[in-house]
Amino acid sequence: MTEDVRRLFRLDNEVLAFRFTATLSDRAGASPRERLTGPALLQLWLEAVGLGVADVAPAELKRAVALREAIYRAGAAIASGARPDAADARALNAAAAAGHAKPALGDERAEWCLTKAAPVRDALGVLATDAIRVLGGPDRGRVKKCEGPGCAGLFLDSSRANNRRWCSMNTCGNKVKKARIATS
Ligand SMILES: [Zn+2]
């Protein structure tokens with residue numbers, strides 16, 4: 001993976017579906033930052049997470065962003081102890097059901113095989129399935145919203161004490177620490 005891709009996207013979230021929701025960052029800030037600003041950017045992001053497709057159509061980008069926001073709203077609801085909106089659950093379920101991706105054991109790790117007919121649909125199916133797995137699984141009580149300044153990004157708290165507050169120590173955790181040092 002090139003440095004450029006790492007600069008364009010935040011790829012450090014352990015949960016694939018939450019890595020997807022992080023393509024809109026600074027959600028609670030004054031100016032949320034949309035990183036999927038065109039079909040080519042979605043193509044680049046999919047490639048970076050092992051869901052490479054040859055091409056993304058504008059309509060597919062639109063569908064992807066709609067799914068991403070449904071995942072985010074459902075995750076944010078669960079993080080605050082609420083039930084996801086029925087329409088968002090339906091959107092996740094429909095995207096998961098529409099996908100035909102198959103896992104395959106590659107040389108070193110599992111890979112996703114997408115169909116030639118509708119690879120983007122399949123990729124979105126993988127993302128929706130991952131969201132359902134996390135948001136409906138035994139760790140759903142560990143789904144949280146980052147407390148970093150303006151972030152509000154979703155993450156899964158895998159700490160033993162279930163007391164993690166930031167989506168990533170490298171970004172939001174560090175920001176908070178630096179701010180504390182500056183004011184102390
Ligand atoms: Zn954060």
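So here's what we get for this one:
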| read-out | value |
| --- | --- |
| Residue within the stretch 90-106 that is under 25 Å from Ala30 (Cβ atoms) and not in a helix (DSSP H, G or I) present | no |
| Qualifying residues in the stretch 153-184 (those that are part of a loop (DSSP other than H, G, I, E, B) and either in contact with a Phe, Trp or Tyr (Cβ under 9 Å, 6 or more places away or on another chain) or of a type in the set (Val, Ile, Thr) (or both)) - the one most open to solvent (accessible area, probe 1.4 Å) | Arg164 |
| Filter result (within 14 Å of the ligand (Cβ to nearest atom), in contact with an Asp or Glu (Cβ under 9 Å, 6 or more places away or on another chain) and of a type outside the set (A, V, I, L, M)) within the stretch 154-184 | Phe155, Asp157, Arg164, Arg165, Trp166, Cys167, Ser168, Asn170, Thr171, Cys172 |
| Search result, residues across the stretch 120-136 that are in a helix (DSSP H, G or I) and either open to solvent by 30 Å² or more (accessible area, probe 1.4 Å) or closer than 14 Å to Leu154 by Cβ (or both) | Arg121, Leu127, Thr129, Asp130, Ala131, Ile132, Arg133, Val134, Leu135 |
| Pairs where the first residue, in the stretch 100-116, is more than 20 Å from Val56 (Cβ to Cβ) and the second is surrounded by fewer than 10 Cβ atoms within 10 Å (Cβ to Cβ), C-beta under 6 Å, 6+ apart | Pro103/Ala110 |
| Every residue from the stretch 5-25 that is part of a loop (DSSP other than H, G, I, E, B), open to solvent by less than 60 Å² (accessible area, probe 1.4 Å), at pLDDT below 95 and not aromatic (Phe, Trp, Tyr) | Arg10, Leu11, Asn13 |
| Hey, Ala77 in contact with a Pro (Cβ under 9 Å, 6 or more places away or on another chain), surrounded by fewer than 18 Cβ atoms within 10 Å (Cβ to Cβ) and part of a loop (DSSP other than H, G, I, E, B) or not | no |
| Selection from the stretch 138-152 of residues that are away from the ligand (no atom under 16 Å from the Cβ), closer than 24 Å to Arg10 by Cα and either β-branched (Val, Ile, Thr) or surrounded by fewer than 13 Cβ atoms within 10 Å (Cβ to Cβ) (or both) | Gly141 |
| Pairs where the first residue, in the stretch 35-50, is open to solvent by 50 Å² or more (accessible area, probe 1.4 Å) and the second is assigned to a loop (DSSP other than H, G, I, E, B), C-beta under 6 Å, 6+ apart | Gln43/Val56 |
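The values are calculated or read from the model by the stated rules, or taken from the named source; none is laboratory data. Being a predicted model, the structure only gives us computed values, none of them experimental. As a convention, Cβ positions derive from the backbone with ideal geometry for all residues, glycine included, and neighbour counts pool all protein chains shown. Just the protein is used for accessible areas: all its heavy atoms, side chains included, with ligands, DNA and RNA removed. Shrake-Rupley method; radii C 1.70, N 1.55, O 1.52, S 1.80 Å.
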